[in-house]
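A short write-up of the structure that comes next.
The values are calculated or read from the model by the stated rules, or taken from the named source; none is laboratory data. No experiment lies behind these values; they were computed from the predicted model shown. We place every Cβ from the backbone using ideal geometry, glycine too, and count neighbours over all the protein chains shown. With ligands, DNA and RNA removed, areas are computed over all heavy atoms of the protein, side chains included. Shrake-Rupley method; radii C 1.70, N 1.55, O 1.52, S 1.80 Å.
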Amino acid sequence: MTYITKPKLHHPSLKRNAVGFTRRDYEGQVSTLCAGCGHDSISAAIVQACYEAAIKPHRLAKLSGIGCSSKTPTYFLGASHGFNTVHGRMPSVLTGAHLANRELIYMGVSGDGDSASIGLGQFAHVMRRGVNMVYIVMNNGVYGLTKGQFSATADKGSVAKKGAINNDAGIDLALMAILMGASFVARSFSGDKEQLVPLIKAAMSHPGAAVLDVISPCVAFNNHKGSTRSYDYVRHHNEALNRLDVITGSAPITARYEPGSMVEVEMPDGTAVRLRKNAPDYDPSDKAAALARIQEQDSAGEIATGLLYLAPGGGTLHENLNTVEAPLNRLGEADLCPGSAALESINKSLR
Amino acid sequence: MPKQLSATNDFVIKFANVNGSGSASANELFARSILRMGVPVSPRNIFPSNIQGLPTWYEVRVSADGYLGRRGGTDMIVAMNPETWKRDVAEVAPGGYLFYDSTRPLPASAFRDDLTNIGVPLTEISNANYSDPRQRQLFKNIIYVGALSALMDIDPKVIEALFAEQFKGKEALIGKNVEALNLGRDWVHQNLDADICKLKVAPADAVGNRIFMEGNAASALGCVYGGATVCAWYPITPSSSVAEAFERYCRKFRTDPETGRTKFAIIQSEDELASIGMVVGAGWNGARAFTSTSGPGVSLMSEFIGLAYFAEIPAVIINVQRGGPSTGMPTRTQQADILACAYASHGDTKHVLLFPKDPHECFDHSVAALDLADRLQTPVFVMSDLDIGMNQRICEPLKWDDSRRFDRGKVMSAEELEAGRDFGRYLDVDGDGIPWRTMPGSHPSRGAYFTRGTTKNAYARYSEEGADYLENMERLQRKFDSAKAMVPRPVQHRARGETRHGVIYFGSTAPAMDEALDRLAGEGLHVNALRLRAFPFQDMVAEFIAEHDRVFVVEQNRDAQMRMLLSNELAIDPNRLVPVLHYDGTPITARYIHGTIRDRLAQYQVVPLKRAVS
């Protein structure tokens, strides 16, 4: 499939978004993943979300680690700069890129091996620092590229394709992200585009560390009976706590909501996020309640999805560092170099 | 009275202290006062991997001739640590001096009969004048500086001036310190024979306008002047003070006076993997970035260093080397990361290394490293070490030319892309192996590319084709060859007489080597010398080796790493390169180099020129 190039011609009638791009402009190369892979659905959701949110493709940088999930940035946003880094270390590279230029949107793509095993440390620390990014984990509970070993997010007791039983406790990356200080934490399912696309849009509007743990079945190695990451299993155990409507710009409000069933949150960039509650008692701004609810549903065998946690405020990395508004990569000699007179006075103080 | 060593402006005094006792600033005051009298000094901290309570030493070499290497041997010990008393006293040269706190009587067996004992009741004086325990401790240190100044004829006015500078704005502290200083001076004048100590300091004019600075601070300042905006680091001895000094200088020079906002970003990361990752991310996105670390950090960073080499991303790594392997000797010096850095990471990799000899070059090389990293789009190492990094050293004043501009290398602008210029991220359009790059976010539809650690073709597309791989690897080799013309050139010292012998050295070995060359020349043993300042090696390095029958390679590691690198990279018969190795964790001395080379030359039956002509 690598050799197939997508035709670049667009049908003239394709609809353009507010910044003049068609949906096709957000696509990348043809995927080389297995047919039916959940990751391809997530890539498609990213394309849709960026199109709908009218992101200028070149103002977004996409970064990833290593693994099946980390290959996906080639399959979306072909007009964006991308960086396929090293295994488990995307968060640090993204942090450095973000320090260099605070104006771009940073999308980090990772998998469960990349984030929960080798990269668990960087996953935790990038959340602590409030790096302004969207961090998508394409979570399938299995190592695909190396052919079917359990990953650290596989549930205890789940069964591998060849029959092995996982004895180790699974890591819940959404729970962990909340604990580590991420300010926007959501979980979704690659098979539920209606839920996923608005979550990605909201995450891009969110200033701070936004994490999406997206369950994404592996058709080759983890889609069998006994797996808790198969299409069937996730469809039957998915309990969405809420649904989002994300309204960018001045789109008119058309949806009607039952009283008390809707919460509206305005993002700093003007985007309005409406939260339709499936669980009326669930308040995603309450950290302790969010942690408890996720664990309760997990104990009941249910996967809590939707916007799980949205911090009511809090500093982002650049705010904490108090850096200037201009991107650091654009500062020149006049801003950065103190010059010969200053050096002479330093010399003087050292005699 | 034993025979006494007698010397003016030429001796070694060693202070034995307990760390955490506040002795460091008193000892520095002592060294600085001699410097202010125009006499070159080179102090060295010898400290354990510990914060409080363990022995620590501060060795000050005073040298009218301006020799700044470690001399070896001790002429006077200031024995302030009972725990190490025995070994401290034992290492003083016969005829030397033992300065000690005589408050409590010590048995005769504690002393040697070939030393001059100078007891001053420091604790008694201090306790009589101060009641607060912390003050008693701190002022006891100043009292011994006072006593020593009286014994050695150090001008008290100079010390008072130093207090005035140090405590500017805190006048009360100036008076208190002068008072303590005089307590020591007065006791000596009242109780001791004026000539009990024959190690003297006399005013001279041998320092000139040179400055006295730590290499780590100079490296940090170089990163400020070189335009680094992102620093990501993880604390590790002996490099931590690089990032700390960078922050200090940035706060001073890079903070907007009106808004208080900063033109720099410093992250103390979770580990070295993350610090180099951040540097790579920032470099990829067009900010000048560096990390400072030491050997264990380089090991951890190696995977990323390979990525930066292969994906061609600028990164500067300041490696303040310490004793290895493993945790090794964290507070001792070595030059033992040469190979680990030159070939860091898996696969075929090679990296640019710079070897500063002193703080002045730490500054220059850090500036150069930031330019080279951008120009070559690759990691560049500044190979400092603990001896230069954590000790104050006299060096030429730092210089800056205001017309100098950052060399950002080959960055294709939005205008050039707009004009339709062909862009292939790994395309060698100029024949020097260095491709062009674009910055993320610069052009709406052109110049975007995907950066990866996997193989790719010249247009950055994934490719496992052998031909694409070879073309890329060969271009990287061409790029490395291009670096030869850009890195600092070696410095040659020609011997006064004809010789078939050469010596190659680098980095912190320089001052000891300079002195050793003088000593050898004094005996009529002539050796041409070449000080390496960078890897890859320029042609003149190979030519220098070819000119000589044998070339000594002086370095501070066990395995003769530079010798290996020279034979490997320049295809030289290793038998022509004679290793001179010093690696016990102490800085190499002129005595050692001189002795080793002299003995080897004797084996080769070199007749000193003096004897041959007489």
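Full extension of the chain between B:Ala90 and B:Ser445 gives 120.3 nm of extra length, using 0.36 nm per residue less the Cα-Cα distance. For the range A:50-196, the fraction of C-alpha pairs more than 24 angstrom apart is 32%.
Where does helix B:215-225 land angle-wise versus the long Cα axis of chain B, in degrees 0 to 90, nearest 10? Orientation of helix B:215-225: about 40 degrees from the principal axis. With a Förster radius of 45 Å applied to the beta-carbon distance between B:Asp584 and B:Leu173, the computed FRET efficiency rounds to 0.65.
Under a 1.4 angstrom probe, counting protein chains only, how are A:Cys68, B:Cys231 ranked by accessible area, largest first? Spell out each step's value before the answer.
Working: A:Cys68 35, B:Cys231 0 Å².
Result, largest first: A:Cys68, B:Cys231.
Quick one: net charge of B:Ser126's neighbours, Cβ under 11 Å, K/R +1, D/E -1?
Taking every other residue near B:Ser126 into account, the sum is -1.
3J(HN,Hα) along the range B:114-129: 9, 10, 8, 8, 10, x, 10, x, 4, 5, 4, 4, 5, 5, 6, 9 Hz, from the Karplus curve 6.51 cos²θ - 1.76 cosθ + 1.60 with θ = phi - 60°, whole Hz, x for Gly and Pro. For the range B:414-452, the list of trypsin sites (Lys or Arg not before Pro) that fall in a loop by DSSP and count at most 15 other C-beta atoms within 10 angstrom reads B:Arg421.
By the Stokes-Einstein formula, at 0.890 mPa s and 25 °C, the range B:213-395 with its Kirkwood radius over alpha-carbon pairs has D equal to 157 µm²/s.
Residues whose amide H falls under 5 Å from that of A:Met133, counting only those 5 or more places apart or on a different chain, are A:Gly208, A:Ala209, A:Ala210, with hydrogens built in the peptide plane.
Once the Cα atoms are used to define both axes, helix A:287-299 deviates from the longest principal axis of chain A by about 30 degrees. Accessible surface area normalised per residue over the range B:491-613 is 42 Å², counting heavy atoms of protein chains with a 1.4 Å rolling probe. Once the Cα atoms of helix A:90-100 and of chain A are each reduced to a long axis, what angle between those two axes, in degrees from 0 to 90 to the nearest 10, is obtained? That works out to roughly 30 degrees.
Taking a ≥ b ≥ c as the square roots of the Cα gyration tensor eigenvalues, with a/c under 1.5 meaning rounded and otherwise prolate when a/b beats b/c, else oblate, which class fits the range B:410-487? The shape class here is oblate. Interface residues of the range B:278-299, defined as a loss of at least 50 Å² in heavy-atom accessible area between the chain alone and the complex of all protein chains with a 1.4 Å probe, are B:Met278, B:Trp284, B:Asn285. Residue separation of B:Tyr469 and B:Tyr604 scaled by 0.36 nm, minus their Cα-Cα distance, works out to 43.7 nm of gained length.
Remark: relative contact order (chain A) = 15 percent; criterion is Cα-Cα distance under 8 angstrom and separation of 6 or more residues. The largest-to-smallest principal axis extents of the Cα set in the range B:465-540 are 62, 25, 17 Å.
Within the range B:254-338, the trypsin sites (Lys or Arg not before Pro) that combine a DSSP coil assignment with at most 16 other C-beta atoms in a 10 angstrom radius are B:Arg261. Oblate is the label for the range B:38-99. Its Cα gyration tensor axes, ordered a ≥ b ≥ c, give a/c of at least 1.5 and b/c at or above a/b. What is the ratio of the Cα radius of gyration of the protein assembly as shown to 2.2 N^0.38 Å, with N the residue count, to two decimals? Compactness ratio reported: 1.10.
What the Cβ-Cβ distance of A:Asn320 and A:Asp281 gives, at R0 = 41 Å and to the nearest 0.05, is a FRET efficiency of 0.75. Bin by bin, in steps of 5 Å, what percent of the Cα pairs in the range B:3-43 do you find, going until the bin that has the longest distance? Calculated P(r), rounded to whole percents: 5, 20, 25, 21, 15, 10, 3, 0. Calculated mean residue ellipticity at 222 nm for the protein assembly as shown: -10500 deg cm²/dmol, from DSSP H runs with n ≥ 4 weighted as -39500 (n - 2.57), summed, divided by the residue count and rounded to 500.
Placing R0 at 60 angstrom, the Cβ-Cβ distance between B:Glu396 and B:Phe111 gives a FRET efficiency of 0.85 after rounding to 0.05.
Keeping all protein chains in place, calculate the accessible area per residue for the range B:410-487 (probe 1.4 angstrom), answer in Å².
Working: 3570 Å² over 78 residues.
In whole numbers, the range B:410-487 has 46 Å² accessible per residue.
Taken over the Cα atoms of chain B, the convex hull encloses 181 Å³ per residue. Rolling a 1.4 Å probe over the protein heavy atoms leaves B:Lys350 with an accessible area of roughly 40 Å². Put simply, when A:334-343, A:84-93, A:221-230 are sorted by average Cβ atoms within 10 angstrom per residue, most first, you get A:84-93, A:221-230, A:334-343.
For chain B, what relative contact order do you get, as a whole percent, if you take Cα pairs closer than 8 Å and at least 6 residues apart? Once divided by the residue count of chain B, the mean separation gives 12 percent. Using a probe of 1.4 Å, the accessible surface attributed to B:Glu543 totals some 110 Å² when neighbouring protein chains are kept in position. Panel note: the C-alpha atoms of the range A:23-334, placed on their principal axes, show extents of 64, 49, 36 Å (largest first). Could you check how much of the accessible area of the range A:23-334 is carbon and sulfur, as a whole percent, using a 1.4 Å probe? That fraction is 51 percent.
Size descriptors for the range A:31-83: radius of gyration and Dmax over Cα atoms are 11.0, 30 Å. For the range B:410-487, carbon and sulfur atoms together expose 50% of the accessible surface, with a 1.4 angstrom probe and every protein chain in place. Convert 25 °C to kelvin, take the viscosity as 0.890 mPa s, use the Kirkwood radius over C-alpha pairs of the range A:151-203 as Rh, and evaluate the Stokes-Einstein diffusion coefficient in µm²/s, rounded to a whole number. Result for D is 186 µm²/s.
For the pair B:His493 and B:Thr123 in one chain, pulling the backbone fully straight at 0.36 nm per residue adds 128.1 nm over the alpha carbon distance. The range A:265-341 and the range B:294-348 have Cα centres separated by 36 Å. The largest-to-smallest principal axis extents of the Cα set in the range A:211-351 are 75, 44, 30 Å.
Partners of B:Lys357 within straight-line reach, counting aspartates and glutamates whose Cα lies under 19 Å from its Cα and excluding those fewer than 8 residues away in the same chain: B:Asp65, B:Glu214, B:Asp337, B:Asp385, B:Asp387, B:Glu396, B:Asp514, B:Glu515, B:Asp518, B:Glu555.
Does the range B:7-200 come out rounded, prolate or oblate, given a ≥ b ≥ c as the square roots of the eigenvalues of its C-alpha gyration tensor, rounded meaning a/c under 1.5 and, failing that, prolate meaning a/b above b/c? Taking the square roots of the gyration eigenvalues as a ≥ b ≥ c, the range B:7-200 is rounded.
When nucleic acids and ligands are ignored and a 1.4 Å probe is applied, A:Asp269 ends up with an accessible area of around 100 Å².
Put simply, chains B and A cover up around 5200 Å² of each other's accessible surface, both sides summed, when a 1.4 Å probe is used.
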